[in-house]
1. If you check 239, 231, which single one turns out to be modelled with pLDDT of 95 or more and either buried (at least 19 other Cβ atoms within 10 Å of the Cβ) or outside the structural domain of residue 138 (by TED's automatic domain parsing) (or both)?
2. Name, by its number, the condition in (1) farther than 24 Å from residue 134 by Cβ; (2) over 21 Å from the mean Cα position of the chain (by Cα); (3) surrounded by 14 or more Cβ atoms within 10 Å (Cβ to Cβ); (4) outside the structural domain of residue 216 (by TED's automatic domain parsing) that does not hold for residue 29.
3. Does the range 35-77 hold any residues that are surrounded by fewer than 19 Cβ atoms within 10 Å (Cβ to Cβ) and at positive phi, and which are they?
4. Of the conditions (1) surrounded by fewer than 15 Cβ atoms within 10 Å (Cβ to Cβ); (2) touching a residue at least 40 places away in the same chain (Cβ under 8 Å); (3) not in a helix (DSSP H, G or I), residue 143 clears all except one; give me its number.
5. Quickly run through the range 108-129 and pick out the residues that are surrounded by 18 or more Cβ atoms within 10 Å (Cβ to Cβ) and outside any strand (DSSP E or B).
6. Scan the range 33-43 and give yes if some residue there is farther than 24 Å from residue 83 by Cα and either modelled with pLDDT under 95 or out of contact with any strand residue (DSSP E or B) (no Cβ under 8 Å at 6 or more places or on another chain) (or both), otherwise no.
7. If residue 222 satisfies all but one of (1) surrounded by fewer than 13 Cβ atoms within 10 Å (Cβ to Cβ); (2) over 19 Å from the mean Cα position of the chain (by Cα); (3) at pLDDT 95 or above, what's the number of the condition it fails?
8. Having 1 or more residues that are touching a helix residue (DSSP H, G or I) at 6+ places or on another chain (Cβ under 7 Å) is the bar; report the strands (runs of 3 or more DSSP E) wholly within the range 1-103 that clear it.
């Protein structure tokens, strides 16, 4: 077989941008390989056994928090537990690991949104991460619900919403294309009615200007998928360092091959060789 593309380097999260369908690239070292045109072609990834921290470039035997070595995982604010549980943010207590990073990433406007990735879910993201966050989750539709002044307040609002709506994606259903039809405008109004008293209390505690309900349109997203898998089998580079197959689709941060799916974001920092085979 003749090799059409042959690139070696450290793997990164796939860059993606909204389009019809979503436009993907594979980031390997300094290369950015357009992926949409490769759907329907055979590809191969080979992991050479080396993992390098995406922050300090240190070689590590194990990747923590999708690409970090253990020392960076322990010291960086981006790896703190409050990133996964923003309602536990402790910036206001003066104990942030990196106050400057917190100012730039957490003390800025965030969006509380509803999305349909495998059913209705609530989530939060920085305002600048719309619609990237929705794409990474494989949402087929998403809509802003609240705009708030900080990540901490977004986390508190999300906790209130979680009494009425899930905050997780069933990734297997998402990859099968098994997504129900939902009217997110109607769902937004329903959830807002249910949490009206809670939002009033958050405003009382944090200020009237700290939180506002927004009436913004939803965004529908389509993905470059030729074949939806009937059964989801995952590739694990740590166990089998060679992955080869026909690229049948891309959704979220997953490559969908006829031999199984692989979560590219999970292997951030892995040194790989990527080839397209004729």
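The values are calculated or read from the model by the stated rules, or taken from the named source; none is laboratory data. All values reported here derive from a predicted model rather than from experimental measurement. Counting neighbours? That spans all protein chains shown, and the Cβs are built from the backbone with ideal geometry, glycine included.
1. Details: 231 fails: modelled with pLDDT of 95 or more.
Step by step, each of 239, 231 is checked, and only 239 is modelled with pLDDT of 95 or more and either buried (at least 19 other Cβ atoms within 10 Å of the Cβ) or outside the structural domain of residue 138 (by TED's automatic domain parsing) (or both).
2. Condition (2) is where residue 29 drops out.
3. Those that are surrounded by fewer than 19 Cβ atoms within 10 Å (Cβ to Cβ) and at positive phi: 40, 49, 57, 65, 66.
4. Looking at each condition in turn, residue 143 falls short on (1).
5. Once the filter is applied, which keeps residues that are surrounded by 18 or more Cβ atoms within 10 Å (Cβ to Cβ) and outside any strand (DSSP E or B), the range 108-129 yields 117, 118.
6. Yes, the conditions are met somewhere in the range 33-43.
7. (2)
8. 23-28
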